[in-house]
1. Given just the C-alpha atoms of the chain, how large is their convex hull per residue in cubic angstrom?
2. In the chain, with Lys and Arg counted as +1 and Asp and Glu as -1 at Cβ, which of these residues, 5, 75, 52, has the Cα nearest the positive end of the dipole, that is, farthest along it?
3. Given the peptides 38-47, 2-11, arrange them by the average over their residues of other C-beta atoms within 10 Å, most packed first.
4. Any idea of the accessible area per residue across the chain, 1.4 Å probe, to the nearest Å²?
5. My understanding is that a pair violates if its Cα-Cα distance is over 22 Å; which of 27/63; 16/36; 16/56 do that in this structure?
6. Give, rounded to the nearest 20 debye, the magnitude of the charge dipole that the chain has about its Cα centre when Lys and Arg contribute +1 at Cβ and Asp and Glu contribute -1 at Cβ.
7. Please report, as a whole percent, how much of the solvent-accessible surface of the chain comes from carbon and sulfur atoms (probe radius 1.4 Å).
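The values are calculated or read from the model by the stated rules, or taken from the named source; none is laboratory data. It should be emphasised that the depicted structure is a prediction, and the values quoted were computed from it without experimental measurement. Cβ: placed from backbone, ideal geometry, glycine included. Neighbour counts: every protein chain shown. What goes into the accessible areas is simple: the full protein's heavy atoms, side chains included, and nothing from ligands, DNA or RNA. Shrake-Rupley method; radii C 1.70, N 1.55, O 1.52, S 1.80 Å.
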Amino acid sequence: IGNSLRLAQNIENQFKERVGRHSRGVKQAGFLVLWKTSMPSVLVEIGFLSNANEEKYLNDELKQSYIASGIFRAFRDYKEEIEAMN
C-alpha cells in the first residue's frame, strides 16, 4: 500500500505542477480492479465527461499528450526512487 500511495502521489504532483490539473487528492478505496494486486497499483481519474469543460479538455489531443506524459514522468520518477532504495 505504501508504494501504491507513493506512486499515486507522484502522479498527483505531475498533474498539479506540470499538467495544470485540479486535484481532489490521493485517496484509498477498495476498488475491485485494485484488489489483491501483487504490485503497486493506482486508479487515475483524469476528469469527468459529464462536465462540458472537462469533456472539451479531455478531447484535445495535445492535452491528452500532456496527461500521458505526466503519468509517464510520475512512473519514471517512482521507479528511480525505488531503485535508489536498493
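1. 105 Å³
2. The listed residue farthest towards the positive side: 5.
3. Details: 38-47: 13.3, 2-11: 17.2.
Per-residue mean Cβ counts within 10 Å order the peptides as 2-11, 38-47.
4. Roughly 77 Å² per residue, with all protein chains present.
5. Working: 27/63 24 Å; 16/36 29 Å; 16/56 19 Å.
In this structure, 27/63; 16/36 lie more than 22 Å apart at Cα.
6. Roughly 160 debye for the chain.
7. Roughly 53 percent of what the probe reaches on the chain is carbon or sulfur.
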